[in-house]
1. Is it true that residue 139 is out of contact with any Leu (no Cβ under 6 Å at 6 or more places or on another chain), closer than 30 Å to residue 63 by Cβ, of a type outside the set (Ser, Thr, Tyr) and surrounded by fewer than 11 Cβ atoms within 10 Å (Cβ to Cβ)?
2. Hey, any hits in the range 59-75 for a residue that's in a strand (DSSP E or B) and in contact (Cβ under 8 Å) with a residue 60 or more places away in the chain?
3. Residue 96 - would you say it is out of contact with any Cys (no Cβ under 6 Å at 6 or more places or on another chain), assigned to a loop (DSSP other than H, G, I, E, B) and either surrounded by fewer than 13 Cβ atoms within 10 Å (Cβ to Cβ) or at pLDDT below 90 (or both)?
4. Can you spot a residue in the range 131-153 that is in a strand (DSSP E or B) and touching a Cys at 6+ places or on another chain (Cβ under 9 Å)?
5. Being assigned to a loop (DSSP other than H, G, I, E, B) and modelled with pLDDT of 85 or more: is that true of residue 106 here?
6. Since residue 148 meets every condition but one in (1) at pLDDT 90 or above; (2) more than 43 Å from the chain's Cα centre (by Cα), which condition does it not meet?
Amino acid sequence: MGAFFQLTGRSDSDCTVKARRWFLRRRECTSSYVQAPATPAPLAPGQDVCQPRIDCEWKMTKFPCDLTNNWVPPISGTRNLTREGDLLQLSDTLRNQCRTQFQCRTPGTYVLTLTVTDGCSIASKNTTVTCRCETVPVVDTGADSYEALFECQSQAQARPEFNEVFLNGEGSKIEVMRTGLELGSCPKPTIAAPKPAPPPAAGSCCPAHPPCPKCPECPQCPTCPSYDVSGRPVTGAADVNSYYQQYAASSEYSRQKAFYEAQSQQDKLRGEKLPLSAILGVAIPISSVTVLSIVANLLLQYKIRVLQK
């Protein structure tokens, strides 16, 4: 923005030219004008340029799962990677120190992890290196089985011995596999069967059963009074006569209460009036039957008289 263009024109003859002008004949859309960045100021003597620093770290994360006693650990530069978690040896480069060499000495699949940080944040990513054998040995024992006899080899021997057997493995060879020998798959971890859930605690699922009602207790007989040797009642003994008096009084009260309640119920029934609908519901059917009976009798008398004539 703010920049101008200077146009220069030329004519073959100037003697007959009175004036010259520039005209805009066409205009087309173009990309936006981007101003070039300003030239940075020169650095002062001894001043360094601030650039982000990248630190890398390669780590041996996981060895093959089917290791045997003949396994040889891999190497990185001059380091032997004998344990998971060992760091690989980085190579010095102009850009950053994120390069390394890895060489496996036993077939299998190795997992490596690269961790990069700029001093503020950190990120990691895994990668795998699969080492395969290009050749596979084919073993030939010469024969499926050999036999040795226990016998005398010569007359000079004191006792018999087994015959000497000659084994021939010269038929063994090496076959080349262009795609590499297939690696065995790792065994899948055994998933433990889930343990059965413990039974719920009492009352946590279903409501607790209400307690059974207590059976009514029958009235107990009073304790009879006790007497001493002389025939006098002992102090504190229950009075039998007073107990029976109280029982008789309570029974009389219950009978009187029941009698008055029945009397009150009869008085209520007597004082109530029957509604008109109830009366009509009974009177109308009876009246209808009566009227029909009269009409039938009249018809019967009429027919009797007609027959008599």
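1. When the stated conditions are applied, residue 139 passes them.
2. Yes: the range 59-75 contains one or more residues that are in a strand (DSSP E or B) and in contact (Cβ under 8 Å) with a residue 60 or more places away in the chain.
3. Spelling it out, residue 96 is indeed out of contact with any Cys (no Cβ under 6 Å at 6 or more places or on another chain), assigned to a loop (DSSP other than H, G, I, E, B) and either surrounded by fewer than 13 Cβ atoms within 10 Å (Cβ to Cβ) or at pLDDT below 90 (or both).
4. yes
5. yes
6. (1)
The values are calculated or read from the model by the stated rules, or taken from the named source; none is laboratory data. Treat the numbers as computed from the prediction; the structure is a model and nothing was measured. Positions of Cβ are generated from backbone atoms using ideal geometry, with glycine treated the same way; all protein chains shown enter the neighbour counts.
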